[in-house]
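As C-alpha cells, the structure follows; a few thoughts come after it.
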Amino acid sequence: LKHGRQEGSVRVDRRMTEQQFADAVQALQRAVNTVQDAVDNQLLRPAQKQTFLCSAKCCDTAKGRDALQQCLASCASPLMEKEQKMKVAFEEFQLRHSRCIQRCQDVAVEGLSPSSSARDQDRAGEKLRKCAIDCCTSYQKQIPQLQKNIMQS
C-alpha cells in the first residue's frame, strides 16, 4: 500500500512537472510574441511607412524604368535590412534555446542503458522536464535584451 502511494505521488509529480513544462513553454512563447509585436509596431511599421512614402516619390520623380527600379530598390533596402536582422536575431535565439533543451536531453539519457528500469527512465524524464523548464525560464529572462538588441540594430 505504501509503495502504491509513492507511485501515485510520483505520477502526480510527473503530471505537475509536465504541466509546469507546458506552462514554461507557453510563457516563453507569449514573451517572444510580445517582443515580435513591439518590434513590428516600433521598428518595422515606421520603416514600412518610409519605404512606401519613398516609393511614391520615386513614381513622381524617376525618369525612365531603370531609374524607377533603382529608386524603388533604394527605398526598400533599409526595411529589408531591418527585417533580415530581426529574423536572424529570432532564429539565433531559437537555436540557442533548442541547444539548451538538447543539452537537457543529453544529460537526462546519459545514465540510461537499454536495460534501465522503468523507474530510472521516469527519473530521466523528470530530470529532462525540470532542465527544460530551467531553459525556458532562463531564455524568458533574456527576452528584454533580445528586444533591445533588435531595436538598436
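The values are calculated or read from the model by the stated rules, or taken from the named source; none is laboratory data. Just so it is clear, the structure is predicted and the values come from calculations on it, not from any experiment. Cβ sites come from the backbone with ideal geometry, for glycine too, and all protein chains shown count toward neighbours. These area figures cover heavy atoms from the full protein model, side chains too; ligands, DNA and RNA do not enter into them. Shrake-Rupley method; radii C 1.70, N 1.55, O 1.52, S 1.80 Å.
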In nm, to one decimal, how far is the modelled label at GLN152 from the one at GLN84, with both set 7 Å along Cα→Cβ?
2.2 nm
Using alpha carbons only: equivalent-ellipsoid semi-axes of segment 26-70, gyration tensor based, whole Å:
37, 9, 4
Rg and Dmax [Cα atoms of the chain; Å; Rg one decimal, Dmax integer]:
24.6, 89
Give the accessible surface of the chain per residue, rounded to a whole number of Å², with probe radius 1.4 Å and ligands, DNA and RNA excluded.
70 Å²
Quick one: of LYS85/LYS148; LYS49/LYS82; LYS49/LYS87; LYS87/LYS130; LYS127/LYS148; LYS57/LYS85, which pairs are farther than 22 Å apart, Cα to Cα?
LYS87/LYS130; LYS127/LYS148; LYS57/LYS85
Which values, in whole Å and largest first, are the semi-axes of the equivalent ellipsoid of segment 63-153 obtained as the square root of 5 times each eigenvalue of the Cα gyration tensor?
48, 15, 6
